[in-house]
Every structure is written in structure tokens, then in C-alpha cells.
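Written below as C-alpha cells is the structure these notes are about.
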Amino acid sequence: MKKIPVLVLVLLFAASLGLPLFAGGAQEAVGEEEELTFAFVPGIADPFYFTMERGIRQKADELGVNLIVSEYPKSWGPEAQVPILEATAARGGIDLIMIAPTSVDALIAPLKKLHEQGIEIITVDTFLGDGDYSKDTEYSFPLAYIGTDNHLGGVRVAEHLAEMLGEKGKLYINTTNPDVSSVSARVAGFKEGITNFPNMEVIGVDYNLDVQQKAMEQTLSALQKNPDIVGVFGTNVFSAQGVYQAVVNAGLTGAVKIASWDATETLINALKEGQVDLVLAQKPAEIGSMAVDWGYKFFTENADVPNKVIPGFEFFTKENVNDPDMQKFIYKK
Ligand code: T6T
């Protein structure tokens, strides 16, 4: 539901009565705009969403939007996120929820219910269904998806890794959950990218449910079973951190190249130490800031919000990791 500032309503009413627009009552209404309240519901407690929160806070302060940040889920998935979403919405007075849905399917019903109660939704980082909110479907009610082009990122990671490996060898992927839009697109993009290299092959994918310890154990076991693996892709913070620990523990640093996704301080330090070979940095603060901005324009200017807003990404390598220009892309706790 679009909100029209009180001042505009007063002016329209005054005009309809033929009153001079800036006399008496209308003048008193200056500055009495209705306050907007936005809520942020992250996917899990990790540096990616902490950084997104910073971008959200900064933009909300700048625009004078009230901000509620929900509790951070301690694990990934609808079981943890839906009760937090519902508790947040129950506080009342929320105009817009910015949420990273932890499942393409399971978040449709709870979010649709809130939308039917008059709350607008922007999905940040992840989306519902296939993410196409322009068609008329059961999941097309959000105003927009604002997040990375994960498929393209996956293709680019594959190209970088192929180059580092002389375009040959066996690869392994460690990722979180199959029903999450972000990481599944990274896996699909990576596999697609590798098909351009006939001497390379992805021999396995494991799902760690966003648990770093599990990522570490799965990678260790994959490396033991397949000693000819030469490259590994960890698709997010906990996957990548688990993957590189496994390679270090197996004593294979350097022999197995590691492509990682998400620029945490841990992964950037590992890159500096030569324990990781590539880090893709998303732009979480920018994603958050854009979500607040588009929500604000929707309510105050009647703006048509684009269905998809896609900020870019950057690559850290050992060559550029110390460049002053790159430091702003490192996530902060
Ligand atoms: O990679 C990010 C995010 O984009 C993804 O959807 C879930 O995992 C992270 O939060 C990193 O842990």
C-alpha cells in the first residue's frame, strides 16, 4: 500500500475546498509527514548480514526512516527464521519488511500472509520462487529482489579457477542447502562455467546446511576419497571457511586451489597467507542501502520499483588484496 505524506493530503483537501494552498491549516502541516517504519530480517548471524545491516542503518538514518532489526537467526532455514519474522511483525506499525528468505518455497506463505495484512516486502540477497516478481504467481507479491547475480558470479568463479589450474583437473563444490536461491545459483553458474573447459570436471557437491564444521568434515572426506581433486569452490562464508580449513588440515595448501565466496576478514587473511586463492566479494551494504532507498521512494514518491536490482561483485586475488581501493569491499563484523 503506497503511503501519501500527510502534507500532500492536506494540500489536496485544501485545494478541493478552493482554499489558498499555503494559508492557515495547510502551512501548519509542513513537516508533519507520516513516519515510515522498515524492518530487516536477516538470514543468519554472519558478517555478510552484519555488513548489510550497516548499509540499511546508514540509509534509514539519512532518510529519517524508523528501523527495526530482528533477532539474527542462529542457524539457516525456515525453522529458525519464520518464528523470528512473525515475532518482528507482531510488534506492529511496520510498513516494509526487508528479508533474506532462507528458502525459495517455505517463506512464501508466511510472507504472503504479512503482505495481505498490508506490509510491503523487499527480498534482499535471496528470493522467493524463481525470483521473477514481474509475473503473476503466488510468490510475485514482493516489490523487488535486490541482490547479487549469483549465477553470473558462479560462472566467473569457474573461469578464474580454470585459469589458475591451467584449465584441467577435477573439482569439488561445498555449499549450504539446495532450496536457497543464492547458493544454488552459484553452484549452477559454476558448473555451467566449467563446461567451457573440456579437461575439467566437477566430481561432487556436498550440502553442509550452513555449518562450517560440517563443511570442513565433508571437504576432508571428499579430498580423502578423491586424491586427484585440484580445485574446490566454497559457495558462501561458512562453506568457504570450512573448505579452506580442511585443505590446511590435510596439508594440501597450494596443491588444491580454493575459490571462495564472501569477503570476510577470515577469508581475506587466508588469501594473504596463501591458504585461499580467490575471494568473491558481494556488496551487502549497498544491497541494504538500496532496499531502504527503493522502499522509501515507493512510499513517498509513488515510485515504480524495478522487480530486480542487481549490484555487482568484486574479486580479491593475491595481486590486489592489499590495494587501498579494495579494502572497502571487506565485510565487517
Ligand atoms: O553468501 C551469503 C549470502 O549471500 C547467502 O545467501 C547466504 O550465505 C551468506 O550469508 C554468507 O554466509
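The values are calculated or read from the model by the stated rules, or taken from the named source; none is laboratory data. Everything numeric in this text was worked out from a predicted model, so none of it was measured. We place every Cβ from the backbone using ideal geometry, glycine too, and count neighbours over all the protein chains shown. Heavy atoms of the whole protein, side chains included, go into the accessibility calculation; ligands, DNA and RNA do not. Shrake-Rupley method; radii C 1.70, N 1.55, O 1.52, S 1.80 Å.
For the stretch 150-281, the solvent-accessible area with a 1.4 angstrom probe is 38 square angstrom per residue.
Within the stretch 247-333, the GluC sites (Glu not before Pro) that combine a DSSP coil assignment with at most 14 other C-beta atoms in a 10 angstrom radius are GLU273, GLU319. Looking at the chain, the DSSP beta bridges with both ends there are about 10 percent antiparallel.
Rounded to the nearest 20, the size of the Cβ-charge dipole of the chain about its Cα centre is 600 debye, with Lys and Arg at +1 and Asp and Glu at -1. Springs between Cα atoms under 10 Å define the GNM used for the chain, and in it the highest mean-square fluctuation of LYS257, LYS168, LYS225 occurs at LYS225. According to the calculation over all Cα-Cα pairs in the chain, the P(r) per 10 Å bin from zero is 6, 25, 29, 20, 11, 5, 3, 1, 0 %. The GluC sites (Glu not before Pro) of the stretch 97-163 that meet both conditions, a loop assignment by DSSP and at most 14 other Cβ atoms within 10 Å of the site Cβ, are GLU138. For the stretch 150-281, relative contact order (Cα pairs under 8 Å, six or more residues apart, normalised by length) works out to 25 percent.
Between rounded, prolate and oblate, where does the stretch 38-110 land on the alpha carbon gyration tensor, with a ≥ b ≥ c its root eigenvalues, rounded for a/c under 1.5, else prolate if a/b exceeds b/c? In terms of gyration-tensor shape, oblate.
Evaluated with a Cβ-only charge set (Lys, Arg +1; Asp, Glu -1), the stretch 150-281 carries a dipole of roughly 140 debye about its Cα centre, given to the nearest 20. Direction-averaged projected area, Cα convex hull, the stretch 150-281: 6.6 nm², rounded to one decimal.
Straight-distance candidates among the aspartates and glutamates for linking to LYS318, with alpha-carbon spacing under 15 Å and chain neighbours fewer than 8 residues away dropped: GLU163, GLU265, GLU273, ASP277. Fully extending the segment from ASP323 to VAL248, taken as 0.36 nm per residue of separation minus the present Cα-Cα distance, adds 24.4 nm.
Taking ILE122, ILE94, ILE56 in turn, the Gaussian network model of the chain (Cα-Cα springs below 10 Å) assigns the largest fluctuation to ILE94. State whether the stretch 32-188 is rounded, prolate or oblate according to the following rule on the C-alpha gyration tensor (a ≥ b ≥ c being the square roots of its eigenvalues): a/c under 1.5 gives rounded; otherwise a/b larger than b/c gives prolate, and the remaining case gives oblate. Here the stretch 32-188 falls in the prolate category. What a 1.4 Å probe finds exposed on the chain is 52% carbon and sulfur by accessible area, rounded to a whole percent.
Phi angles across the stretch 200-216 convert, under the Karplus curve 6.51 cos²θ - 1.76 cosθ + 1.60 with θ = phi - 60°, into 3J(HN,Hα) values of 10, 8, 8, 9, x, 10, 10, 10, 9, 6, 6, 10, 4, 4, 5, 4, 5 Hz, Gly and Pro given as x.
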